[in-house]
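The values are calculated or read from the model by the stated rules, or taken from the named source; none is laboratory data. Everything numeric in this text was worked out from a predicted model, so none of it was measured. Because the Cβ atoms are built from the backbone with ideal geometry, glycine has one as well, and the counts that use them run over all protein chains shown. Heavy atoms of the whole protein, side chains included, go into the accessibility calculation; ligands, DNA and RNA do not. Shrake-Rupley method; radii C 1.70, N 1.55, O 1.52, S 1.80 Å.
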Amino acid sequence: MRFVIYGAGAIGGVIGAHLALSGADTTLVARGDHLRAMCENGLVLDTAEGRQSVSATLASNASEVDWSDDSVTLLAVKSQQTAAAIADLRAHMPLDTPVVSAQNGVANERELLRVFPRVYSLCVMLPALHLELGVVVQASSNRPGILDIGRYPSGIDEAAQSISSALRAATFLSEPRPDIMAWKYRKLIMNLVNGIDASYRNDGDAFDELVRRARAEGEEVIAAAGIDVVSEATDKQRRGDAIIRRDTGEASFGSSTWQSVARGSGSVETDYLSGEIALLGRLHGIATPVNELVQNETNRLAREGLSAASSDASVALESLGRP
């Protein structure tokens with residue numbers, strides 16, 4: 001297989017770096033100053049063992065990729081960037097190329113399936129950072145992460161098994177799963193902390209209560225919608241002690257959404273995390289005040305170029321009142 005990593009930021013960069021180091025033919029698609037830094041120094045992978053420059057083919061968009069019959073695209077852009085990525089890919093990529101969503105949220109796969117017939121979903125359990133141009137940080141000190149895969153909307157086929165095998169060769173834990181979206185919905189509930197982490201100072205009880213209530217809303221609306229989701233215990237068992245977080249400095253505690261705000265990117269994927277819960281709540285007549293508040297506050301910080309985690313969790317909790 002020839003892997004095209006479309007979006008070589010924190011997640012895509014760590015996955016792409018390990019694929020390249022395993023000997024897989026790997027192309028990294030990136031843009032702007034991050035791409036220019038990689039052109040000069042390669043993609044720098046920062047791990048517990050130190051930093052190394054990883055050599056891979058680089059491209060700024062899909063038109064620069066050398067597509068072939070054995071290409072596989074791993075889409076690793078943020079969810080709000082999916083539409084632009086689809087437009088670029090459909091113009092240049094053979095339409096029957098397998099496309100794997102290595103993204104947070106549960107909305108990307110459906111959008112991909114509107115255009116591409118072979119869509120797969122990757123449940124990404126991979127702590128990573130991208131705050132420095134040309135550099136991605138593997139924030140786990142042992143295995144880089146867990147990357148289970150399945151065909152969307154369900155099932156396993158030969159491509160899913162081959163992709164999983166290649167990921168295992170690249171030192172990830174990976175299993176093909178026919179019910180991959182049930183795992184992605186559990187990951188969605190976990191990711192409801194992202195907007196809270198990006199918006200509010202973690203000053204103890206108020207922060208923790210926002211997280212608890214946001215996740216409780218998520219559990220409620222997903223159950224009301226009749227959506228299959230693996231249990232918290234099953235998910236915890238899968239993670240086990242496979243990922244051991246290492247101390248990479250203050251930014252170790254920043255979620256991917258926190259990183260977007262901290263980098264001043266101007267946009268966040270919260271509409272596809274907290275916003276997904278708000279959407280399900282509206283569809284099923286269930287109030288989701290915490291997730292709506294977080295969705296709006298995180299977008300405000302990004303839009304206005306404000307500092308990450310600059311809002312007061314206690315004030316937010318007071319505005320919500322009793323549950």
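What the table shows:
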| read-out | value |
| --- | --- |
| Amide H contacts under 5 Å for S140, placed H, 5+ residues apart | R246 |
| Whole-percent carbon and sulfur share, accessible surface of the stretch 34-156, 1.4 Å | 45 |
| Per-selection Kirkwood Rh - the stretch 1-131 (Cα, Å, 1 d.p.) | 14.7 |
| Long-range tail of P(r) for the chain (Cα pairs > 36 Å, %) | 14 |
| Bridge type composition, the chain - antiparallel percent by DSSP, nearest 5 | 35 |
| Per-q log10 I(q)/I(0), the stretch 202-259, q = 0.25, 0.28 Å⁻¹ (Debye; single scatterer per alpha-carbon; no solvent) | -1.12, -1.08 |
| Computed [θ] at 222 nm, helices only, for the chain once each DSSP H run of length n ≥ 4 contributes -39500 (n - 2.57) | -13000 deg cm²/dmol |
| Antiparallel bridges, percent of DSSP beta bridges restricted to the stretch 1-152 (to nearest 5) | 35 |
| Residue-wise HN-Hα coupling along the stretch 125-139, computed from phi with Karplus coefficients 6.51, -1.76, 1.60 (Hz; x: Gly, Pro) | 10, 8, x, 8, 10, 9, 10, 10, 4, x, 10, 10, 10, 7, 8 |
| Placed amide H near V4: partners under 5 Å, 5+ positions off or other chain | T27, V72, T73, L74 |
| Whole-Å semi-axes of the stretch 268-311's equivalent ellipsoid (Cα gyration tensor) | 22, 9, 6 |
| Gyration tensor (alpha-carbon) shape descriptor, the stretch 87-227, a/c threshold 1.5 | prolate |
| The stretch 37-144: trypsin sites (Lys or Arg not before Pro) in DSSP loop, at most 12 other beta carbons within 10 Å | R114 |
| Rh (Kirkwood; distinct C-alpha pairs) - the stretch 205-323, Å | 15.9 |
| Once exposed loop GluC sites (Glu not before Pro) are cut out (DSSP; at most 15 other Cβ, 10 Å), longest piece of the chain | 133-323 |
